[in-house]
Amino acid sequence: MSILSKKKIIGLTGSMGAGKSQVSKYVAKRYPVLDCDQVNAHLLEKGQKGYQALVKKALVPLDEKGNIDKVQMAQQMFQVADRKQRIEDLLHPLILNEMQTWAQAQTASLVFMEVPLLFESHVESMFDSIWCVVTNQDIALDRLQKYRHFTASQAQARLAYQMDPEVKIRKSDVVIYNNAGLDDLYAQVQKALEREESCVGL
């Protein structure tokens, strides 16, 4: 079992637009799920540890109220040399600490963490099992434009910056293909859940 506790801790990852959030919503009906994007967002709020660290290093733009301008921040992370790496070097240890604290507090036999940059952050050792959600690139591009309101070039840039999905697939214990609609997606998730439950005697 995990180095964090006796429970089985499952990491949920995948590239942008793959459908991790849909899988999380399904799983969350039965088991606790931590969304690391929400953890990151909380750390960026005014006065929080992430905010303080980034402002101290002058790595983020602020709006007129002193809050981090997340739109400008995102643009700079992809446009300014080494800006993305410097920000992540400060935020990732803070996020990791939040993940560990949350996992230790859970009492369920299965707990999940949605971690978009799981492999990129080198936190594989935290998990007993890793699920990877994948989809065809054209579908991912369409979703990013439709639901995240990126332009085509913005969507392509973000996908190009991420780890090759084929590499993620090889590193994962469970692969869920999200190309054929929600019914098919949920059927795959249900089967994966049943396998994990059998492993812990549920």
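The values are calculated or read from the model by the stated rules, or taken from the named source; none is laboratory data. As the structure is a computational prediction, the values presented were derived from the model and not from experiment. Here the Cβ positions follow ideal geometry from the backbone for every residue, glycine too, while neighbour counts run over all protein chains shown. Heavy atoms of the whole protein, side chains included, go into the accessibility calculation; ligands, DNA and RNA do not. Shrake-Rupley method; radii C 1.70, N 1.55, O 1.52, S 1.80 Å.
The table below gives the values:
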| quantity | calculated |
| --- | --- |
| Fraction of antiparallel bridges per DSSP, the chain only, in percent to nearest 5 | 5 percent |
| Lys pairs under 17 Å by Cα in region 1-146, provided they are eight or more residues apart or on distinct chains | 14 |
| Exposure ranking of 193, 202, 62, 34 by accessible area [1.4 Å probe, largest first] | 202, 62, 34, 193 |
| Efficiency of FRET between residue 75 and residue 164 - r from beta-carbon atoms, R0 35 angstrom, step 0.05 | 0.90 |
| For residue 36, solvent-accessible area (1.4 Å; no DNA, RNA or ligand), Å² | 10 Å² |
| Compactness index (Cα Rg / 2.2 N^0.38 Å), region 145-202 | 1.51 |
| For region 28-70: accessible area per residue (Å², 1.4 Å) | 62 Å² |
| Answer label for percent of Cα pairs over 29 Å apart (calculated), chosen among [x] 27; [y] 18; [z] 22 | [x] |
| With all protein chains modelled, accessible area of residue 127 [1.4 Å, Å²] | 20 Å² |
| Probe 1.4 Å, all protein chains present, accessible-area order of 149, 92, 42, largest first | 149, 42, 92 |
| Cα-only Debye scattering, region 94-152: base-10 log of I(q)/I(0) at q = 0.16 Å⁻¹ | -0.70 |
| Estimated 222 nm signal from helices in the chain, with DSSP H stretches of n ≥ 4 weighted -39500 (n - 2.57), rounded to 500 | -15500 deg cm²/dmol |
| Phi-based couplings in Hz for region 87-96 (Karplus 6.51, -1.76, 1.60; Gly and Pro marked x) | 5, 5, 4, 7, 7, 4, x, 5, 5, 4 |
